[in-house]
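The values are calculated or read from the model by the stated rules, or taken from the named source; none is laboratory data. Bear in mind the structure is a predicted one, so any value in this text is a computation, not a measurement. Positions of Cβ are generated from backbone atoms using ideal geometry, with glycine treated the same way; all protein chains shown enter the neighbour counts. Heavy atoms of the whole protein, side chains included, go into the accessibility calculation; ligands, DNA and RNA do not. Shrake-Rupley method; radii C 1.70, N 1.55, O 1.52, S 1.80 Å.
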Amino acid sequence: MTRKVWVLICSLSMFGCAPSVSDPISQGGVSVSKPDIKDKLALPKEEKQSALLVGKLIIPEHIEKNTALSVVLEVTNPQSYGVPLLFSSGKSGDLYIYNDKGQRIWTWSEQMMFTQALRETVLASGKSMKVKFDVPAKLMSDLWGKDYTLQAVFAGKAMESKNKVMGKVSQKVSFKG
């Protein structure tokens, strides 16, 4: 019995005077209250930041039915400083072809193999780099006569910034004579 009373007294002395979890706690003039468990953590919304690099697709004016198509993604640094980039493999980018229903029908990298070595480079201010993609002649023959959307994606990641490196670059093309 004495032991139970002693445990009760100790418990009251330690916890009985402490504020409850739902009560605001006053500390040095600052009122802090514990959030309701049902509430989600409200983080500040990330400000919309522009991409570090700008890309454009370069597609030949004359497209032939039974000839491979060379498409170039030109990536330019418009910043006043060099942008350090990290590539997780030998792949510098990818090219997708979508039909008029928005379905991806071809991916350039599916037929490729890439080294798994990390690469680092700095794209200097005002400078560009080019990533070349070849669409096979057989595929061009199969796609002939319809409209498609080409979409290029740059594989480089910014090393010293949390900003988006570059958005996807899309262009509609008509494979017709």
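Per the listing 135, 122, 153, 173, the residue uniquely over 17 Å from residue 97 (Cα atoms) and of a type in the set (A, V, I, L, M, F, W, C) is 122.
Restricting attention to the range 77-114 and to residues that are within 19 Å of the chain's Cα centre (by Cα) and among the small types (Gly, Ala, Ser), the residue that is least open to solvent (accessible area, probe 1.4 Å) turns out to be 93.
Which ranges mark the strands (runs of 3 or more DSSP E) fully within the range 61-136 that have 3 or more residues being farther than 21 Å from residue 165 by Cα? So that I can check it myself, show each step before the final result.
On the way: elements: 69-76, 83-87, 93-98, 104-107, 119-123, 128-135.
Strands (runs of 3 or more DSSP E) meeting the threshold: 104-107.
Cβ separations smaller than 7 Å between residues 6+ apart or across chains give the following pairs from the range 134-157 residues that are farther than 30 Å from residue 52 by Cβ to residues that are of a type in the set (Gly, Ala, Ser) and modelled with pLDDT under 95: 136/68; 137/68; 140/68; 147/174.
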